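What follows is a single structure, written as structure tokens, with notes after it.
The values are calculated or read from the model by the stated rules, or taken from the named source; none is laboratory data. The model shown is predicted, which means the values in this text are computed figures rather than measured ones. Don't worry about glycine lacking a Cβ; one is built from the backbone with ideal geometry, like all the others, and counts go over all protein chains shown. Accessible surface is based on the protein model in full, side chains and every heavy atom, while ligands, DNA and RNA are left aside. Shrake-Rupley method; radii C 1.70, N 1.55, O 1.52, S 1.80 Å.
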Amino acid sequence: MIWLSLPLFIFIGSGTFVFGQSPAKNLPSSHPQLCEIETSPEIFLNKPFEVFADYNFGFEMVWLSNTVPCVPSHPVSITYKFDEEYKTRSEKSVLKRFNKLLRSRPSPNRIRGVYTIVIEPFEKANQMDRRFEYQIRILKIVKIESR
């Protein structure tokens, strides 16, 4: 199990804020926005659901971001928990394409697609651990958007 403890970095009041660059028409209406999740994670708690998002990666960093501009109204501290579960749940052809894109290092370093995620209470290392309130776990890579 790999842990990447990255908070969702939210910049409020900085003038412009863009998580992604696709127009809203590309967003499937049945998928919640990450802004909704970041604003009210308790609504989505322990319920698997799909999001249309960018899987961003860099040196020892991985996170999901919105594909359209948005700022959560009341952001909470959320981290990502990455384990190997998504590899067993994703279709082999989708996983193969995803891994190929990871190795090719596309520019920018993101893979747009539909991901099944779950919001969970943050697993604290001890009683004093108050770094995050929630964690997002990717359960499955559903679809990778064509480049």
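Per-residue answers, yes or no, for (1) among the charged types (D, E, K, R); (2) modelled with pLDDT under 80; (3) under 25 Å from SER146 (Cα atoms):
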position: PRO28; (1), (2), (3): no, yes, yes
position: PHE44; (1), (2), (3): no, no, no
position: SER73; (1), (2), (3): no, yes, no
position: ARG112; (1), (2), (3): yes, no, yes
position: ALA125; (1), (2), (3): no, yes, no
Listed by range, strands (runs of 3 or more DSSP E) wholly within region 42-124 having at least 2 residues that are out of contact with any Phe, Trp or Tyr (no Cβ under 7 Å at 6 or more places or on another chain), touching a residue at least 12 places away in the same chain (Cβ under 8 Å) and open to solvent by less than 70 Å² (accessible area, probe 1.4 Å) are 49-58, 110-121
